[in-house]
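Below is one structure, written out as structure tokens; comments come after it.
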Amino acid sequence: MRNHKIDERKDNIRRIKETIENTQDNIEFANDLIDASTDVKHKQSLKAQNERRNDSIDTLQDELKEKLGKEKKNK
């Protein structure tokens, strides 16, 4: 049973890392769109979305630190 929890924790860590990477990719893509766009409202919308993405990354990084701390503690 204990191994199951460790495997689940490692899978959660992997998923969090992937989500952070995907979100960073989305931010970069949106920044490219912002640079290429001439539509002010579209730019504002993309900038607001990137702010939310950055907030999400901060939250995910905190969660990742917590999960890694628990994993290290249980070794």
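The values are calculated or read from the model by the stated rules, or taken from the named source; none is laboratory data. Just so it is clear, the structure is predicted and the values come from calculations on it, not from any experiment. Positions of Cβ are backbone-derived with ideal geometry, glycine not excepted, and every protein chain shown enters the neighbour counts.
The figures follow:
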| quantity | calculated |
| --- | --- |
| Qualifying residues in region 1-17 (those that are aliphatic (A, V, I, L, M) and under 19 Å from L60 (Cα atoms)) - the one modelled with the highest pLDDT | I16 |
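Residue by residue, here is whether (1) at pLDDT below 95; (2) under 17 Å from R14 (Cβ atoms); (3) outside any helix (DSSP H, G or I) holds:
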| position | (1), (2), (3) |
| --- | --- |
| F29 | no, no, no |
| D35 | no, no, no |
| K47 | no, no, no |
| N54 | no, no, no |
| I57 | no, yes, no |
| E63 | no, yes, no |
| K70 | yes, yes, no |
